[in-house]
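The structure under discussion appears below in the form of structure tokens.
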2 protein chains.
Amino acid sequence: MRAIVLDYEHRSLLKRDVPVPAPLGDGEVLFRIEEVGVCGTDRELASFRFGYPPAGRSFLVLGHEAVGTVLETGRGVRSLQPGDLVVPMIRRGCRPPCSCCARSRADLCTTGNYRERGIFGVDGYFIEMAVDSEEDLVRVPPALAAIAVLAEPLSVVEKAMASAFRYRQEPPSTALVLGAGPIGLLATLALLGRGLTVLVHSLEPADHPRARLVEQAGARYVPELGGVRADLVLEATGSPQAAFAAIGCLGPLGVCGLLGAAVGTGQVSFRDLVVGNRVVFGSVNASPESFQSAVEQLARFDRTVVDKLIHRAPFEHFAASIAGPPSETAKVVHVIH
Amino acid sequence: MRAIVLDYEHRSLLKRDVPVPAPLGDGEVLFRIEEVGVCGTDRELASFRFGYPPAGRSFLVLGHEAVGTVLETGRGVRSLQPGDLVVPMIRRGCRPPCSCCARSRADLCTTGNYRERGIFGVDGYFIEMAVDSEEDLVRVPPALAAIAVLAEPLSVVEKAMASAFRYRQEPPSTALVLGAGPIGLLATLALLGRGLTVLVHSLEPADHPRARLVEQAGARYVPELGGVRADLVLEATGSPQAAFAAIGCLGPLGVCGLLGAAVGTGQVSFRDLVVGNRVVFGSVNASPESFQSAVEQLARFDRTVVDKLIHRAPFEHFAASIAGPPSETAKVVHVIH
């Protein structure tokens, strides 16, 4: 069957024929991939900055934002049946499991020996069919079929949001999102859905389609950060300078969630953090609860907005979306079936 | 009666005669100050970098780490009686109260219009007698009389520690304390008391009395931070470079509490914060619960260690302890009565 892979021997991105899955083991589920989304991680993987193939193999099947339909279930599978729509979770716990992985919180793995489908040592979902254990699949209502591919990126937002609300000492009323890419836009929708006043700042001009989508969703697009203070700030840019700016925009008791920034040098007012009881935290991946929460949020989102986050492309156009520049207006989602 | 005051008109620290307190109002308590401790804040106040006197007055009575004995109680006071040992809390809520101040969490005040005894707009306790409302006083068992003056600085540590344990996603087992001043040493004792393995790093050489006190308490003094990773890190130095270093010493799921650092420029690996689900937070002042917790901790501390934190000095030696260099080995506590 067809798959899009990274070939680590020749450092190339290519389509490849791979064997169909072996017969199912106990507790396993075979599912047909319907759609797979592309994100910045895929583009970084394709530049071979990180990621690695399964042991003993020189290639990795890409793709970690997927939605599929169950085709067949192995012995002992109780919660899923053929025809069910499912979204796979990405991270697989370390072996032997650390205390976090042992309690199904591989997203908090403390050994660093976790694997991630489509990223670290396990094949992803830019392929026709895949097999996962029942507990790594999240069932999605059929009504969400057209947007369920957003559940994985939204789960990352939902985990960060759960932490932000837990760390915050008073109910928040204002939020600032830095970045208007798919993660920033999903965060904007999730924050609006929680009743917050949301500002979004990004580098795009105010008449850019992303800025217009922000406004259509009900948030305010702010081209300048001067004087902006918010109860919650979410950094969804990948830029360390944005992370420093995010910390500087925290109001009293403010909580700043970092989702993608790397390493940078800048000024931090630790005094403000201290005097204002402020919190800065990083968040990666997502818990099973965050995936459930993402599915619930998707069902509440304004479809006239969220549908615009998705730009569908054929299977074969993988090179343009993965090796090319990021989409100007939306998340590229490849239709597999 | 005698008081040590900051004169804002002449920018000087001096002893001054001030009126005895007026008759008590409902709910008020008159207490005799037994001892008052001196800290870095007092030294900063004495350099007139911040702080201000009560409205309409040009001087402020210094002192915010105090222990006293109740002399008289006003109408309606239920929980205290003459002879009780008390420690006053420092911050007084904003008026009209923000939602935090309204629920007795002036330490989380979001308006910034709080006042603090001995610091911002209300007289402190380097004086013979004082009056406070019943709810601003914490009763202390007589057995703790000799160390109760440490309750206020310890309450700051206890608040930070409660936050750190709340933010941490797994039970912590190792802690790193940066700074071996009184706050650092109290944090060390509080962390050891919670069963953690504690490392302490400071600028003093390993044969310094503070380093020896750290080792006597059961922690390990580490002259170098290279390779040190801890579940909890507490910055108790006031130095922004130490704060950047503190963040760099966090293990996976690590939580870093900042207690005193100011503003600085340095490198931050936001990627490490993200990938390791790490948390950095600032903490100031203390809640009523943290004062209670401080009193409970004091009762458990090893007296052969904690007694060494205190160096007693006469009332009249105020200039040496406040305007002079910080004590080399201990917290200076002035005996008032």
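Assorted remarks:
- Scanning chain A for trypsin sites (Lys or Arg not before Pro) lying in DSSP loops with no more than 10 further Cβ atoms inside 10 Å, the longest uninterrupted stretch between such sites is A:79-337.
- Calculated FRET value between A:ALA206 and A:ALA145, using beta carbons and R₀ = 30 Å, to 0.05: 0.35
- R0 of 45 Å, Cβ-Cβ distance B:GLU296-B:ARG2: FRET efficiency to nearest 0.05: 0.85
- Extension gain for A:ARG75 to A:SER104 (0.36 nm times residue separation, less C-alpha to C-alpha distance): 8.3 nm.
- For chain A: relative contact order, % (alpha-carbon pairs under 8 angstrom, 6 or more apart): 19 percent
- A straight Cα-to-Cα reach below 26 Å connects A:LYS15 with the lysines A:LYS331, residues fewer than 8 places away in its own chain not being considered.
- Choice from A:VAL274, A:VAL70, A:VAL177 with maximal GNM fluctuation in chain A (Cα, 10 Å cutoff): A:VAL274
- Here A:ARG32 and B:VAL263 are evaluated by their C-beta separation; at R0 = 60 Å the FRET efficiency comes out at 0.60.
- Summary value for segment B:74-171: 30 percent relative contact order, contacts being C-alpha pairs under 8 angstrom separated by 6+ residues.
- Label positions at A:SER173 and B:SER58, each projected 7 Å from the Cα along the C-beta direction, are separated by 4.2 nm.
- Between segment B:237-297 and segment B:64-110, the alpha-carbon center distance in angstrom: 28 Å
- Nearest-to-axis residue of chain B, judged by beta-carbon position, where the axis maps B onto A, in Å: B:VAL280, 2
- Summary value for segment A:243-300: 38 percent relative contact order, contacts being C-alpha pairs under 8 angstrom separated by 6+ residues.
- Dividing the summed helix terms, -39500 (n - 2.57) for each DSSP H run of n ≥ 4, by the number of residues in chain A produces a 222 nm estimate of -7000 deg cm²/dmol to the nearest 500.
- Label 7 Å beyond Cα on the Cβ vector: B:ARG11 copy-to-copy distances, nm: 6.2
- Two-decimal log10 I(q)/I(0) for segment A:177-333, as the Debye equation yields it once each C-alpha is a single scatterer, q = 0.14, 0.18, 0.19 Å⁻¹: -0.75, -1.20, -1.30
- Stretching A:GLN216 away from A:PHE48 to a fully extended chain increases their span by 56.8 nm, per 0.36 nm per residue minus the current alpha-carbon distance.
Laboratory data are not the source of any read-out in this text; all were calculated from the coordinates shown. Model, not experiment: these values are computed from the prediction. Glycine also receives a Cβ, built like all others from the backbone with ideal geometry; neighbour counts cover every protein chain displayed.
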